[in-house]
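Read-outs throughout are calculated quantities, based only on the coordinates presented, and are distinct from any laboratory measurement. Nothing here was measured: the structure is a model prediction, and the numbers come from that model. Cβ placement follows ideal geometry from the backbone for every residue including glycine, while neighbour counts extend to all protein chains displayed.
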Amino acid sequence: MKSIRILFTAALLSAALLSLHAQESPREGLSYHYGELTAPEFIKAVELSRGTCIIPAGILEKHGPHLPLATDLFLARETASRAAQLEYVLVFPQYYFGQIFEARHQPGTIAYSPELIWKILEETCEELSRNGIKKIIIVNGHGGNTNFFSYFCQSQLAARKDYVVVLFSPDSREIDAQVKELRVTNYGGHADEEETSAIYALRPDLVHAGEASTQSGKPQERLDNLPNGYTGIWWYADYPNHYAGDGSSPQKALGELILDNESKQLAELIRYLKEDHTISTLQNRFYDSSEHPLDTEQ
Ligand SMILES: [Zn+2]
């Protein structure tokens, strides 16, 4: 009887030690969500991520008549979370400050000024760097932000920085054939079959597929006579409903395929940035040279 009790106590003790170990083990116990960490945990998270943080960037804008305003934020955060589960990285809290003037005529759009979206991104990066995060990955969920984020990355060369900013650029070529096979429609780009399926895979309760055909997502072609030019009004010319495609037939399998492909590619980028220092080495060499251009070997 006594030996059974001793065995039982020993088993309890080892279980307690195991759970303590699990709590102490960063892989097991440490959240990747920046905002969920305590300050002491944050120090461990910076170490474990080797100073790498994702900013999943979305926007608040209409997504056809059937999807939520924060669709792009949901999807960018889901991609980042799935990638963080594959390769530990910090994931910055809700970030919805971006370029969205083209949807100002639609209900629910929050369109901050160009100065503010620049400042808030710049200062977010500076503050992350001050906290030991020297590798920042922007995961962009919103097509209207692509030019802005690319320009922001280019502008990192304007003055010396002690961190690097990388815009995640996924490649869909590997799944293109599968996507084509699954798709029912053959046009889109915004709140379309693919985007609707992705949010359906994640939060089916937020997809109102029955409403998807109450507005047109077909291109209106009102500026097709413009020869060789780009203008900001092009999107409104084609898609005044802020809807490009048809989201009435969402498919979980299609959404999962897209999210899975992107998160795996993102994990690959995180792994590279954690292990490889080529970008910061080249960046520093560039800053040194650009401060003394006449001394640079031609
Ligand atoms: Zn979207």
Inset, instruction - Per residue of the range 127-141, in order, report the coupling 6.51 cos²θ - 1.76 cosθ + 1.60 (Karplus, θ = phi - 60°) as ³J(HN,Hα) in whole Hz, putting x for Gly and Pro. - result: 5, 4, 4, 4, 9, x, 9, 10, 10, 10, 10, 8, 9, 8, x
Legend entry - Highest-fluctuation residue, ALA70, ALA237, ALA158 considered, GNM on the chain with Cα pairs under 10 Å: ALA158
Inset, instruction - Considering the convex hull of the alpha carbon atoms of the range 221-290, report its projected area averaged over all viewing directions, in nm², one decimal. - result: 9.5 nm²
Inset, instruction - Enter the angle in degrees (range 0 to 90, nearest 10) between the Cα long axis of helix 2-24 and the first principal axis of the Cα atoms of the chain, meaning the one along which they spread out most. - result: 40 degrees
Inset, instruction - Express in whole angstrom the spacing between the alpha-carbon centres of the range 47-95 and the range 245-298. - result: 15 Å
Inset, instruction - Please tell me the relative contact order of the chain in percent, rounded to the nearest whole number, where contacts are Cα pairs under 8 Å and at least six residues apart. - result: 21 percent
Legend entry - Theoretical gain in end-to-end length, ARG203 to SER216 [0.36 nm per residue, Cα-Cα removed]: 2.3 nm
Inset, instruction - For the chain, set up a Gaussian network in which alpha carbons nearer than 10 Å are linked by springs, and say which option among TYR163, TYR230, TYR34 fluctuates the most. - result: TYR230
Legend entry - Euclidean distance of C-alpha centroids, the range 112-140 and the range 189-206, integer Å: 28 Å
Legend entry - Reachable lysines from LYS161, criterion Cα separation under 28 angstrom, eight or more residues apart if same chain: LYS44, LYS119, LYS134, LYS135, LYS274
Inset, instruction - With 5 Å bins from zero, work out the P(r) of the chain over every alpha carbon pair and list the percent per bin. - result: 1, 5, 10, 13, 14, 14, 12, 10, 7, 5, 3, 2, 2, 1, 1, 0, 0, 0, 0
Inset, instruction - Using the Cα centre as the reference, give the magnitude of the dipole from point charges on the C-beta atoms of the chain (Lys, Arg: +1; Asp, Glu: -1; all else neutral), rounded to the nearest 20 debye. - result: 920 debye
Legend entry - CD proxy at 222 nm, helix term only [per DSSP H run n ≥ 4: -39500 (n - 2.57); per residue of the chain; nearest 500]: -14500 deg cm²/dmol
Inset, instruction - Positive end of the charge dipole of the chain (Lys, Arg +1 and Asp, Glu -1 on Cβ, about the Cα centre): tell me which of GLN220, ILE55, PRO293 has its Cα farthest that way. - result: ILE55
Legend entry - Ratio of Rg to Rh over the range 68-136 (Cα coordinates, Kirkwood Rh, two decimals): 1.02
Inset, instruction - Indicate, rounded to the nearest 5 percent, the antiparallel portion of the DSSP beta bridges found entirely in the chain. - result: 10 percent
Legend entry - Pairwise FRET efficiency - LYS252 versus LEU116, Cβ, R0 = 51 Å, nearest 0.05: 0.85
